[in-house]
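**Q** The following block contains the structure, expressed as structure tokens.
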Amino acid sequence: MTGADILVESLIRQGSESVFAYPGGASMPLHQALRKCRDRIRTILPRHEQGGGFAAQGVSRTSDQIGVCMATSGPGATNLVTALADAKMDSVPMIAVTGQVSQKVIGTDAFQETPIVEIARAITKHHYMITASDPDDEESVQEALRSIPRIVKEAYFVARTGRQGPVLIDFPKNIQIAVAESDIDYDPPMFLPGYHPERRKVAQEQVNQVIAAIRRSKKPILYVGGGCIASDAAGELTKFAKRANIPVTMTCMGLGAFPGDDPQSLHMLGMHGTVYSNYAVDEADLLLAFGVRFDDRVTGKLDEFAKHGKIVHVDVDPSEMHKNKEAHIPVIADLKVFLEALNESFTDEDIPETDEWWTQVNEWKEKFPLKYADAGDFILPQYAIEELWRQTIEKDPYICVGVGQHQMFAAQFYKFRKPKHWLSSSGLGTMGFGLPAAMGVQAAHPDSLVVDIDGDGSILMNIQELATLHCEKLPVKVLLLNNQHLGMVVQWEDRFMDGRRANTYLGPVDHPEALGEGEGSHYEETYPNFVQMAQSFGLQAKQVRSKKEFPAALKEMLESDGAYVLDVVCPYQEHVLPMIPSGGTARDIIID
């Protein structure tokens, strides 16, 4: 077996069923090895390495598998950088394998050489380069070959344990093509000195402290983030929230940790969160911060965030404690382990008196609901997403989004009932995330409904993956909310820059909209022609402009057999509201 064969066999033995891999000179041996094992691991060819990286995230974010992507050296490897940074920010486990030039020419500026380990050092959880200590010494090369299963095993372990994240394996070509002269041990002991991510038992004293704080509180609130989903703690969280009768608000990463259509849900908080969730956090006397990192898009002005109450912060990563906000009771623990201990010790006597608090919260919910205006026969993005929710929620769909206004509208108006069914680039905010992420989800869940809610600006960043959908027979449905603008930047221009357009119109420069001087009506022909583009890739596609026609057009897309793009033309003047200005507080929230 060659080094490439050994690595592919190691991936298979770690449970990987697919790999998103784009070939090149330094990774050709890996692709030959994948071809030999095509009945045991599916190789999906993305049309860009970044697309492959986001597709691998789609696998990791929605299943128990760890997504794998693969690229060649040089530009292939650097094209993975954004996907790695995105996974690091959102704590997503992922394995990225990059081919590398042969050891003897590393450092000589060889063709297609980049020092990807150095480039990615700050945006990966861990990284490896598989090398021989002396590439001219046969025993040294054999030792490198024998190390491959250990490195792969460690990579999966590091990626999925503790605070999860991406791991890079850089693989020089000389080791890929070297041939092993003895049997290979595919389950060797790991060597990770200093890395101890075991699920520590939570100290009962800390559980008692938290329960005492809950019992004394009059205005408690649960602030729940992506850590709840990563630790598979949604069931324990829901059990606790229902028993304690405490309102629940979620971050963008935490949506689905608690059922969004449950009366106890205050939905998303933060910059574009609901008024009632932000008011509740502002007035709470106890903030139960579970699996969160006090991100600036949630907190706004840190000094003013949740300043009236005691803060309990539970997170698996010690570096998050007191990083942005001081916690009165910091608990370093896997959230599921903590919630199991909390539920076990929590009694009826510990349930706080929250009747008055619920009266206040429900008044806010009634006074400040999420809403949008009647736009006649125009299709507003909020309406389109609500209609999507109505037609799909019982089908248990996976919803992926790009980045921009459509992302925030989806977070507001699609009420998720389950974890791991919402995929959003939340920390890095990467345009172009939605389509390839959906591609990965569909590969991992071939019989499920997978929908990419995208914007015309965002989808163009990775539009080439429409080819992957067709060629790999991945029936992703794309709800494209097309307003011909970079909507979120336009919103900031309107709110804070007197409406001056600065390169946010996506059509031809001679159109008056390029400087914000148009009437706002739709052109007869939108640019580009997404229907023709999708059809050229072999997909079904249709454009719809009328609200009256939208439900039937949406139904047609959802019932279609293959991949489908529904190009929905929307007015560009719509703003994502509520909105807390950057650095503001809940009291600065804009609702009109």
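The values are calculated or read from the model by the stated rules, or taken from the named source; none is laboratory data. Quick caveat: nothing in here was measured; it's all calculated off a predicted structure. When we count neighbours, we look across all protein chains shown, and the Cβ atoms used for this are built from the backbone with ideal geometry, even at glycine. We work out accessible area using only protein heavy atoms, side chains counted, and drop any ligands, DNA or RNA first. Shrake-Rupley method; radii C 1.70, N 1.55, O 1.52, S 1.80 Å.
**Q** Identify all residues within segment 418-477 that are among the charged types (D, E, K, R) and open to solvent by 30 Å² or more (accessible area, probe 1.4 Å); write none if there are none.
**A** 418, 420, 447, 472, 473
**Q** Further question: Scanning segment 551-592 for residues that are among the charged types (D, E, K, R) and either more than 22 Å from residue 373 (Cα to Cα) or touching a residue at least 60 places away in the same chain (Cβ under 8 Å) (or both), which turns out least open to solvent (accessible area, probe 1.4 Å)?
**A** 567
**Q** List, please: which pairs have Cβ atoms under 8 Å, are six or more places apart or on different chains, and start with a residue in segment 344-364 that is over 17 Å from residue 243 (Cα atoms) and end with one that is of a type in the set (Asp, Glu)?
**A** These pairs meet every condition: 360/283.
**Q** Name every residue in segment 370-386 that is closer than 23 Å to residue 265 by Cα and part of a loop (DSSP other than H, G, I, E, B), in order of residue number.
**A** 370, 371, 372
**Q** Let me ask you something else. Restricting to segment 408-424, count the residues that are touching a Pro at 6+ places or on another chain (Cβ under 7 Å) and either part of a helix (DSSP H, G or I) or of a type in the set (Asp, Glu) (or both).
**A** The number of residues fulfilling the criteria is 1.
**Q** Being crowded, with 18+ Cβ neighbours inside 10 Å and of a type in the set (A, V, I, L, M, F, W, C) is the filter here, so list the residues in segment 390-402 that pass it.
**A** Scanning segment 390-402 gives 399, 400, 401.
**Q** Take residue 186 and tell me if it is under 30 Å from residue 146 (Cβ atoms), touching a residue at least 60 places away in the same chain (Cβ under 8 Å) and aromatic (Phe, Trp, Tyr).
**A** Judged against the criteria, residue 186 is a match.
**Q** Residue 10 - would you say it is assigned to a helix (DSSP H, G or I) and modelled with pLDDT of 95 or more?
**A** yes
**Q** Mind listing whichever residues of segment 337-357 are in a helix (DSSP H, G or I), open to solvent by less than 60 Å² (accessible area, probe 1.4 Å) and not aromatic (Phe, Trp, Tyr)?
**A** 337, 339, 341, 342, 343, 345, 350
**Q** Can you name the condition, by its number, that residue 176 falls short on among (1) in contact with a strand residue (DSSP E or B) (Cβ under 7 Å, 6 or more places away or on another chain); (2) closer than 30 Å to residue 250 by Cβ; (3) part of a helix (DSSP H, G or I)?
**A** (2)
**Q** Scan segment 387-406 residue by residue and report those that are in a helix (DSSP H, G or I) and in contact (Cβ under 8 Å) with a residue 24 or more places away in the chain.
**A** 387, 388, 389, 391, 392, 393, 395, 405, 406
**Q** Name the single residue, out of those in segment 301-316 being open to solvent by 30 Å² or more (accessible area, probe 1.4 Å) and part of a loop (DSSP other than H, G, I, E, B), that is farthest from residue 164 (Cα to Cα).
**A** Result: 308.
**Q** Checking the condition open to solvent by less than 60 Å² (accessible area, probe 1.4 Å), hydrophobic (A, V, I, L, M, F, W, C) and either more than 23 Å from residue 545 (Cβ to Cβ) or more than 25 Å from the chain's Cα centre (by Cα) (or both), which residue from 506, 486, 480 passes?
**A** That would be 506, the only listed residue that is open to solvent by less than 60 Å² (accessible area, probe 1.4 Å), hydrophobic (A, V, I, L, M, F, W, C) and either more than 23 Å from residue 545 (Cβ to Cβ) or more than 25 Å from the chain's Cα centre (by Cα) (or both).
**Q** Filter segment 442-469 down to the residues that are within 19 Å of residue 535 (Cα to Cα), part of a loop (DSSP other than H, G, I, E, B) and touching a Lys or Arg at 6+ places or on another chain (Cβ under 7 Å) and list them by number.
**A** 464
**Q** Moving on to the next point. Which condition from (1) under 20 Å from residue 266 (Cα atoms); (2) open to solvent by 10 Å² or more (accessible area, probe 1.4 Å); (3) part of a loop (DSSP other than H, G, I, E, B) is the one that residue 325 breaks?
**A** (1)
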